[in-house]
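Trainee: Can you keep this structure in mind? I'll have questions shortly.
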Amino acid sequence: MALYVIAATTLIPSTSAACEVGTGGAAIAAGDAIYQDTADSNKWKLCDADSATTAAKTVGALAATACAADGCRLVVCRRDSALALGATTTQVMAAGDVLVLSNTAGKLQPAPASSGGKANVVGVASSATVINFYPLAGGSVA
């Protein structure tokens, strides 16, 4: 399934977004799905739906800015009822689309994530360019 591609220049949190500054634990692009690794100084790392660890499968935020490497600062968005993602170049988003975590580290795709598996719901599109971003606690739905 095609992935949503989010350009750093078009990802814009709304005024009601819950954003904060954190420390990255790897190279992270703006728009990547990330989790906070409590075993590594609370650094933010890329989520991955087919990871062996539960923490990596649970989206805690989307990166609002990029991080070049381990130890750099980035802005993370934990939730936002109107997160502007802008135009996507690979997968076109439409109102009502459910966004889930992909098996490609950090990336999102339309539901379902895989046949017969569980999907980590990240948000729902309210238009072709805006999502209601409230990752589920625990992240998985049947």
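The values are calculated or read from the model by the stated rules, or taken from the named source; none is laboratory data. Values in this document were obtained by computation on a predicted structure and should not be read as measured data. Here the Cβ positions follow ideal geometry from the backbone for every residue, glycine too, while neighbour counts run over all protein chains shown.
Trainee: Of all residues in the range 69-101, how many are in contact with a Leu (Cβ under 9 Å, 6 or more places away or on another chain) and either of a type in the set (G, A, S) or over 18 Å from A125 (Cβ atoms) (or both)?
Mentor: Within the range 69-101, residues that are in contact with a Leu (Cβ under 9 Å, 6 or more places away or on another chain) and either of a type in the set (G, A, S) or over 18 Å from A125 (Cβ atoms) (or both) number 4.
Trainee: I've got another one for you. Name the residues in the range 69-93 that are under 17 Å from the mean Cα position of the chain (by Cα) and of a type in the set (A, V, I, L, M, F, W, C), would you?
Mentor: L74, V75, V76, C77, A82, L83, A84, L85, A87, V92, M93
Trainee: Out of L83, L101, L46, which single residue is under 24 Å from T10 (Cβ atoms) and in contact with a Cys (Cβ under 6 Å, 6 or more places away or on another chain)?
Mentor: That would be L101, the only listed residue that is under 24 Å from T10 (Cβ atoms) and in contact with a Cys (Cβ under 6 Å, 6 or more places away or on another chain).
Trainee: Pull out all pairs, ordered by first then second residue, where Cβ-Cβ is under 9 Å, the residues are six or more apart or on different chains, the first lies in the range 121-142 and is over 11 Å from V59 (Cα atoms) and hydroxyl-bearing (S, T, Y), and the second is loosely packed, with under 14 Cβ neighbours inside 10 Å and modelled with pLDDT of 90 or more.
Mentor: From the range 121-142, the pairs are S126/A95; S126/G96; S127/A95.
Trainee: Counting residues that are exposed (fewer than 15 other Cβ atoms within 10 Å of the Cβ), which strands (runs of 3 or more DSSP E) fully inside the range 1-105 reach at least 1?
Mentor: Qualifying strands (runs of 3 or more DSSP E): 18-23, 73-84.
Trainee: Further question: Which one of these does S51 not meet: (1) modelled with pLDDT of 95 or more; (2) farther than 16 Å from V130 by Cα; (3) of a type in the set (G, A, S)?
Mentor: S51 satisfies all of (1) modelled with pLDDT of 95 or more; (2) farther than 16 Å from V130 by Cα; (3) of a type in the set (G, A, S) except (1).
Trainee: If you don't mind, another one. The conditions are (1) touching a residue at least 12 places away in the same chain (Cβ under 8 Å); (2) more than 12 Å from A61 (Cβ to Cβ), and P13 fails exactly one of them. Which is it?
Mentor: The number of the failed condition is (2).
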